[in-house]
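Asks: Just passing along the structure, written as structure tokens.
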Amino acid sequence: MQPGESLSLWSLISQASLLVQLVMLVLLLASVVSWVMIVNRGIYQNRAAKLYNDFEKQFWSGIDLTQLYKQGNNRASSGILDGVENIFRAGFKEFSRLRQQSSVEPEVVMQGTERAMRVALAREEEKLEANLSFLASVASVSPYIGLFGTVWGIMSSFRGLANVHQATLATVAPGISEALVATAMGLFAAIPAVLAYNRYSARAESLLANYETFAEELSSFFHRKLHSGQA
Amino acid sequence: MAFLLKAKPTLAVSIVASLVLHAGLIAFLFFGVQQAKPPEPKKTPKFVQAKLVELKQTAPEQAPKQSTENTPRKIDLTKRQQEEKAAQEKKQQAKAAEQKRQKELEDKRKKDEAKKIADAKRKKEEAEQAKKLEAAEEKKRQQALVEELDRIEKERLEKQLAEEAAAAEAAEKALLAEQQAEATAQSYVALIASRIEQFWSRPPSARTGMRCELLIKLVPTGRVVNVSIISSSGNSAFDRSAEQAVLKAEQFRELQNVKPEVFERYFRELRLVFDPQDLRL
């Protein structure tokens with residue numbers, strides 16, 4: 001027990017054994033990466049929700065669909081197109097392309113259009129839920145990694161205790177405190193990841209439901225147009 | 001490809017945000033811990049307590065010492081005063097001689113001058129003035145002497161205090177060392193007791209609460225030289241089993257690490273209460 005020994009956070013980390021330090025490093029990296037994904041997903045999903053609202057408003061404003069398609073041409077070529085507009089463009093493109101071939105049956109046109117929209121929908125789903133699985137695994141695994149570091153640190157601190165005749169709290173306390181830093185870091189990485197995962201997966205689900213509803217509405221619109229055109 | 005290009009700015013933003021967040025958190029933790037540092041010296045109250053006890057014990061000793069030291073100083077003072085008195089007397093004698101001379105002078109002047117009375121008066125006044133001057137000088141000297149005495153006294157007091165403090169510190173250190181020795185001795189005693197318990201075979205008649213006091217004679221190698229029972233448990237089988245356990249243990253090698261003075265004090269003749277804890281009945 002040195003009286004001048006300070007138990008600052010840095011000394012706790014730097015005096016830990018190599019394995020515990022490694023564990024801490026892994027947890028820090030996991031935390032950094034998971035926060036990158038949290039912010040990234042947050043920005044993306046916010047924008048997707050906003051785009052959906054804007055596009056829906058535009059769609060139901062009674063605008064001509066061909067014009068709506070042409071409006072998006074610019075953005076599509078520069079690659080800044082996201083969310084529900086992609087579904088609309090995929091469906092409309094397929095629909096107009098199939099309709100120009102006069103020999104095609106209306107049923108086949110409908111099937112092709114729906115398939116194209118389904119593909120676009122699947123792609124959007126993938127974009128919405130990208131990285132969420134990483135967040136989930138950080139959330140579930142990092143407490144265990146931290147616990148492993150702690151257990152290892154406590155083990156070595158008790159092993160040191162075996163060589164001492166007089167076992168005082170002061171001989172074990174620094175080691176245990178050192179080891180507990182690993183658990184703290186694990187929880188620090190895990191808690192935001194759990195929260196973010198729950199929130200983002202719920203949000204992605206609701207957005208996808210919105211997209212699906214829109215796709216259904218669009219296909220019913222195409223269906224009406226096809227049959228009124230035939231009649 | 002297009003998706004990647006488009007995703008890059010947001011990715012950069014999120015990387016920066018994450019790094020800033022972590023850097024800020026780490027900085028906050030470090031500053032927080034550094035601010036929390038000052039209360040840490042609280043760890044040492046044990047030593048402070050020991051000091052307090054020691055000082056309390058020495059405090060009454062200080063007072064009598066001071067009183068005994070005060071009396072010789074008083075004697076010194078009176079001596080000096082006597083010396084001063086002697087000096088004064090001498091001076092007075094000198095003054096008397098001077099006065100005589102002055103009187104002679106006055107006589108001469110009486111012969112010389114007509115205004116004898118005025119002269120005499122003047123001389124008397126002069127003499128008085130001289131006396132006053134001398135008295136004033138004397139006072140000054142006395143004051144200086146008193147001041148010097150005071151200073152010497154203060155120095156002595158300071159020295160005394162410093163010595164007492166040093167003595168108290170030494171005593172405190174000795175006490176601490178003793179406590180430590182006792183603690184280590186206690187740990188070794190515990191070790192010996194547990195070793196004896198290992199070698200002990202429980203007689204069927206042993207019951208909870210049975211205890212006997214053993215006198216174990218040891219040599220510095222840790223070997224048991226002799227065992228005897230000081231106070232019996234009331235059960236001779238138990239007593240004998242305890243004795244047998246000590247004899248079976250034969251040697252406590254750990255005692256070789258004990259300092260010789262500690263060994264002489266605690267382990268040469270070790271009184272051990274044999275009080276096994278694993279009795280179920």
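The values are calculated or read from the model by the stated rules, or taken from the named source; none is laboratory data. Fair warning: this is a prediction, and the values are worked out from it, not measured in the lab. Note: ideal-geometry Cβ built from the backbone for every residue, glycine included; neighbour counts use all protein chains shown.
Asks: Among the residues that make up segment B:251-268, is at least one of them of a type in the set (A, V, I, L, M, F, W, C) and over 41 Å from the mean Cα position of the chain (by Cα)?
Replies: No, segment B:251-268 has no match at all.
Asks: Pick from B:A135, B:A120, B:A114: which is outside any helix (DSSP H, G or I) and either within 60 Å of the chain's Cα centre (by Cα) or not acidic (D, E) (or both)?
Replies: Exactly one of B:A135, B:A120, B:A114 is outside any helix (DSSP H, G or I) and either within 60 Å of the chain's Cα centre (by Cα) or not acidic (D, E) (or both), namely B:A114.
Asks: What's the total number of residues in segment B:223-242 that are within 19 Å of B:E269 (Cα to Cα) and modelled with pLDDT under 85?
Replies: Qualifying residue count for the region: 0.
Asks: Restricting to segment A:70-80, name every residue that is modelled with pLDDT under 75 and surrounded by 12 or more Cβ atoms within 10 Å (Cβ to Cβ).
Replies: Selection gives A:G79, A:I80.
Asks: Return the total of residues in segment B:225-281 being touching a helix residue (DSSP H, G or I) at 6+ places or on another chain (Cβ under 9 Å) and charged (D, E, K, R).
Replies: So the count comes out to 8.
Asks: Please go through segment B:74-111 and pick out each residue that is over 60 Å from the mean Cα position of the chain (by Cα) and within 26 Å of B:Q143 (Cα to Cα).
Replies: If the condition is that a residue be over 60 Å from the mean Cα position of the chain (by Cα) and within 26 Å of B:Q143 (Cα to Cα), then B:A96 is the only one that fits.
Asks: Hey, can you tell me all the residues within segment B:240-260 that are touching a residue at least 60 places away in the same chain (Cβ under 8 Å) and in a helix (DSSP H, G or I)?
Replies: The answer is B:E254, B:L255.
Asks: Report whether or not B:E172 is touching a helix residue (DSSP H, G or I) at 6+ places or on another chain (Cβ under 6 Å), part of a helix (DSSP H, G or I) and not aliphatic (A, V, I, L, M).
Replies: yes
Asks: Is it the case that A:Y69 is among the hydroxyl-bearing types (S, T, Y) and either within 14 Å of another protein chain (Cβ to nearest Cβ) or in contact with a strand residue (DSSP E or B) (Cβ under 6 Å, 6 or more places away or on another chain) (or both)?
Replies: No: the conditions fail for A:Y69.
Asks: Just to be sure before I move on: is A:L12 among the aliphatic types (A, V, I, L, M), within 13 Å of chain B (Cβ to nearest Cβ) and either on the phi > 0 side of the Ramachandran plot or in contact (Cβ under 8 Å) with a residue 12 or more places away in the chain (or both) in the structure I sent?
Replies: Yes.
Asks: Could you list, in sequence order, all residues of segment A:15-58 that are surrounded by 19 or more Cβ atoms within 10 Å (Cβ to Cβ) and at the interface with another protein chain (Cβ under 9 Å from one of its Cβ atoms)?
Replies: Selection gives A:S31, A:S34, A:W35, A:V36, A:M37, A:I38, A:V39, A:N40, A:R41, A:Y44.
Asks: Continuing with the same structure: Please tell me if B:Q179 is at pLDDT 85 or above, within 14 Å of another protein chain (Cβ to nearest Cβ), farther than 17 Å from B:E254 by Cβ and within 19 Å of the chain's Cα centre (by Cα).
Replies: The answer is yes for B:Q179.
Asks: Please verify whether A:A116 is free of Cβ contacts under 8 Å to residues at least 60 places away in the same chain and either closer than 24 Å to A:E205 by Cα or in a helix (DSSP H, G or I) (or both), treating the condition exactly as stated.
Replies: Against the criterion (free of Cβ contacts under 8 Å to residues at least 60 places away in the same chain and either closer than 24 Å to A:E205 by Cα or in a helix (DSSP H, G or I) (or both)), A:A116 qualifies.
Asks: Here is a further query. Within segment B:198-222, take every residue that is modelled with pLDDT of 85 or more and charged (D, E, K, R) and give me the one that is farthest from B:A242 (Cα to Cα).
Replies: B:K217
Asks: Is it true that some residue in segment A:128-136 is in a loop (DSSP other than H, G, I, E, B), loosely packed, with under 13 Cβ neighbours inside 10 Å and within 13 Å of chain B (Cβ to nearest Cβ)?
Replies: No.
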